[in-house]
Structure formats: structure tokens, C-alpha cells
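The block underneath contains the structure these notes are about, expressed in C-alpha cells.
The values are calculated or read from the model by the stated rules, or taken from the named source; none is laboratory data. The structure displayed is predicted, hence computed values, not measured ones. Here the Cβ is made from the backbone with ideal geometry for all residues, glycine too, and neighbour counts use every protein chain on show.
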């Protein structure tokens, strides 16, 4: 069989259309705008076969850690070690800081071989919700709330994701719960895939998290919604009762360092699987 030349080059905006075609082939729901967001937050590489994108990976650097995401190899060229080469490129882009990723079942064995360990399970829940009343103690963010939102996210995530939070304010909407004049929890919604994604959702407890999610659902009418929630926080049954049915799952993994989020607040819904 003739083996064509494969080139690994830096991921540029000129590769976005090819990356979109590749993710569609893999059955992912991402739109071109979702790829644009991922690339705007990240650096990465693509694998080219005769100028066609046949592999991708991105590394998103935060304060002291990174997420490796959007790792795809075209079905026709699997089995040639490209997944490992893409992961090596992703780790190079992290410049030695601890790395996180959310793994599919197919990717799990490779990631474990490359030093990642399992740290939790993520449940993908989605659907169209029945109409709900907006909770009265949740409100839309005011412009001055953003630093407090970023600080809460940092406490829950265990690292500084200010650049993600500030980017998301321009493409989505934040809602907050206040206590004693301070932001005590928040939720975000933005367009993604087939509809919109709710996340991150950061709160002190599950009751606050549910209110923050309900507020976003109430504002979205009959839009198709998705939430990626950690299994151990126990929201999936409640989400299913609202119409957000579990359709799949993935495994949260970490390489190097420790995840040291604050015990005071938790992330009840991820920004998405790429960013954690």
C-alpha cells in the first residue's frame, strides 16, 4: 500500500475549515465558530496529507496548567502512531506544566501510557427542556462582576482561567447568585454545537447550582442545550428530569501536579470538555 507523506505543522486559521470537516467525520457537533473559539484560546498542530487536514490537537494554557483537547485522527490513517505524535506535540505546547484532558474511551489507553491518570467521570447531558420559571434570587451579571466570577472559577478549577472567562463574556451570558453583596456562584451559557452549552457552573452547593442552571434554561426557551457535569456531584438525575438526558460520558484525566480546587466552591458543569 502506498504511504503518503504526512506533515505536522502549526495550527493556523487557514486550517479551521479542514479541522471542521475532520470533526464532523468523527461525529463531533462542533461548528466553525466553536473551532475558532478553541484556536483563539490555544496553540496546536495539524497533520496534513496532501494539504488536507487529517489530524489535530490543541493545547490551552492557563495560569499554571494546560488542557490538551481537540485530538482527532482521520479514520483512514489510524494505526500509524499519529495519536501519540499529536499528544507529544500537545505536551510540548504545555511547556512542562501539569496537563488535564477529558478522554473518550478510545483515547484512554494511549493517554494512560503517556502518564495521564484518571481523576473523575464526566457525564454529557443534553436535550430540550420544558419551560421553567426563573429563580428569583439569580440575576444576569453586571459588568463589575467579572473579576469576582474569574476568582470563583479559579477557586473551583484550581487555576487561573481569566482569559477564558473574559473571552466568554463576549460570546455568551453569565448569571450570578449574590450573598452579602458578593458573587457567590455563577453560570454561563453560549452557543455551541447543535444549540447552546451551559457551563461553567460554579457554586457553593448543589441547590445554588440548580438555581443557576434553571435561570439559564428559563432564558433559553426551547433551545437545544448541553451540560457536561462531573458524575460525583450527582446532578445527572435532576438534569434528566428537566429534559437534559445523559447521552454519553468521558473520563477526566491529569498528568503531573495535583488538582487543588477550593473546598468552598465546586464546578458543577464544565465550560466544555476541551477547557474543563
| said: Would you confirm, using the coordinates I've provided, whether residue 79 is within 25 Å of residue 197 (Cα to Cα), in a loop (DSSP other than H, G, I, E, B) and not assigned by TED's automatic domain parsing to the domain that holds residue 164? | reply: no
| note | Checked segment 120-160 for anything within 17 Å of residue 215 (Cα to Cα) and in a loop (DSSP other than H, G, I, E, B); matches are 129, 130, 131, 132, 133, 134, 135, 136, 137, 141, 142
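Table: residues versus (1) within 19 Å of residue 131 (Cα to Cα); (2) assigned by TED's automatic domain parsing to the domain that holds residue 23; (3) within 14 Å of the chain's Cα centre (by Cα).
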site: 213; (1), (2), (3): yes, no, no
site: 218; (1), (2), (3): yes, no, no
site: 226; (1), (2), (3): yes, no, yes
site: 239; (1), (2), (3): yes, no, no
site: 255; (1), (2), (3): no, no, no
| task | Just need a number here: residues in segment 179-216 that are in contact with a helix residue (DSSP H, G or I) (Cβ under 9 Å, 6 or more places away or on another chain) and either free of Cβ contacts under 8 Å to residues at least 40 places away in the same chain or surrounded by fewer than 24 Cβ atoms within 10 Å (Cβ to Cβ) (or both). | result | 13
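Results for (1) touching a strand residue (DSSP E or B) at 6+ places or on another chain (Cβ under 7 Å); (2) over 23 Å from residue 249 (Cα atoms); (3) surrounded by 17 or more Cβ atoms within 10 Å (Cβ to Cβ), shown as yes or no for each residue.
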site	(1), (2), (3)
36	no, yes, no
47	yes, yes, yes
78	no, no, no
99	yes, no, yes
105	no, no, no
108	yes, no, no
| request: Out of the residues in segment 160-178 that are under 15 Å from the mean Cα position of the chain (by Cα) and buried (at least 18 other Cβ atoms within 10 Å of the Cβ), state the one that is farthest from residue 244 (Cα to Cα). | output: 161
| said: Looking for something buried (at least 22 other Cβ atoms within 10 Å of the Cβ) and over 15 Å from residue 272 (Cβ atoms) - is there at least one such residue anywhere in segment 218-231? | reply: no
| message | Take the conditions touching a strand residue (DSSP E or B) at 6+ places or on another chain (Cβ under 9 Å) and farther than 18 Å from residue 251 by Cβ and apply them to residue 53. Does it pass? | response | yes
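Listed residues 47, 71, 54; which is closer than 17 Å to residue 113 by Cα, part of a strand (DSSP E or B), in contact (Cβ under 8 Å) with a residue 24 or more places away in the chain and in contact with a helix residue (DSSP H, G or I) (Cβ under 8 Å, 6 or more places away or on another chain)?
Details: 47 fails: closer than 17 Å to residue 113 by Cα; 54 fails: closer than 17 Å to residue 113 by Cα.
Selected residue: 71, the only one of 47, 71, 54 that is closer than 17 Å to residue 113 by Cα, part of a strand (DSSP E or B), in contact (Cβ under 8 Å) with a residue 24 or more places away in the chain and in contact with a helix residue (DSSP H, G or I) (Cβ under 8 Å, 6 or more places away or on another chain).
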| query | Could you list, in sequence order, the residues of segment 84-119 that are in contact with a helix residue (DSSP H, G or I) (Cβ under 8 Å, 6 or more places away or on another chain), touching a residue at least 60 places away in the same chain (Cβ under 8 Å) and part of a loop (DSSP other than H, G, I, E, B)? | reply | 114
| Restricted to segment 166-179, and to residues that are out of contact with any strand residue (DSSP E or B) (no Cβ under 8 Å at 6 or more places or on another chain) and not in a loop (DSSP other than H, G, I, E, B), which residue is farthest from residue 271 (Cα to Cα)? | 179
| field | Residue tally, condition in contact with a helix residue (DSSP H, G or I) (Cβ under 8 Å, 6 or more places away or on another chain) and either in the same structural domain as residue 197 (by TED's automatic domain parsing) or assigned to a loop (DSSP other than H, G, I, E, B) (or both), over segment 27-36 | value | 2
